[in-house]
Amino acid sequence: MIKESEVLLQVEGLTVTRLHVCVEQSWVKPAQGDSGFLFDRLDVARLRLICELSEDLAVNDDALPLVLSLIDQKHSLERRLRVLAQAISEQDEAVREKLAARLQDQESE
């Protein structure tokens, strides 16, 4: 777990105020430690993303929840597709061939 002070050093452009807004808005959900918030590596990555969206792409705080939600949905779908691909790869060859044919038919339509 990473302390707030370390996060501020690791995430370029992140201020204490901005960090607290991110927590208050539940854009990141750190654990609460005895001496303050504790962040994991995913929190830090999300904070970097928030700073990039805000500073580099000028996404304002009103639009940020929507953009974050869309990114979260994309990642969730990618995870589900990986699980599905793994499940398909574990099937008999005949089943895999039928699925491949069906997918090819869908692409033709």
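The values are calculated or read from the model by the stated rules, or taken from the named source; none is laboratory data. On a predicted model such as this, the values are computed, not experimentally measured, just so you know. All Cβ positions, even for glycine, are placed from backbone atoms using ideal geometry, and neighbour counts span all protein chains on display.
Among the residues of region 16-35, those identified as part of a strand (DSSP E or B) and either of a type outside the set (A, V, I, L, M) or surrounded by 13 or more Cβ atoms within 10 Å (Cβ to Cβ) (or both) are Gln32, Gly33. When Asp61 is tested against (1) loosely packed, with under 10 Cβ neighbours inside 10 Å; (2) closer than 17 Å to Val21 by Cα, only condition (1) is not met. Which condition does Leu38 not pass, out of (1) among the hydrophobic types (A, V, I, L, M, F, W, C); (2) assigned to a helix (DSSP H, G or I); (3) within 15 Å of Met1 (Cβ to Cβ), if it passes all the others? So the condition that Leu38 fails would be (2).
Just one of the numbered conditions (1) surrounded by 10 or more Cβ atoms within 10 Å (Cβ to Cβ); (2) not in a helix (DSSP H, G or I) is not true of Ser69: (2). Per the conditions (1) surrounded by 13 or more Cβ atoms within 10 Å (Cβ to Cβ); (2) assigned to a helix (DSSP H, G or I); (3) modelled with pLDDT under 95; (4) not hydrophobic (A, V, I, L, M, F, W, C), the sole criterion not satisfied by Arg46 is (3).
Taking the conditions (1) outside any helix (DSSP H, G or I); (2) buried (at least 16 other Cβ atoms within 10 Å of the Cβ) in turn, Gly13 satisfies each one other than (2).
Scanning for something under 19 Å from the mean Cα position of the chain (by Cα), of a type outside the set (Val, Ile, Thr) and closer than 30 Å to Asp43 by Cβ, does region 85-108 turn up at least one residue?
Let us first name the residues in region 85-108 that are under 19 Å from the mean Cα position of the chain (by Cα), namely none.
Taking every residue of region 85-108 in turn, none turns out to be under 19 Å from the mean Cα position of the chain (by Cα), of a type outside the set (Val, Ile, Thr) and closer than 30 Å to Asp43 by Cβ.
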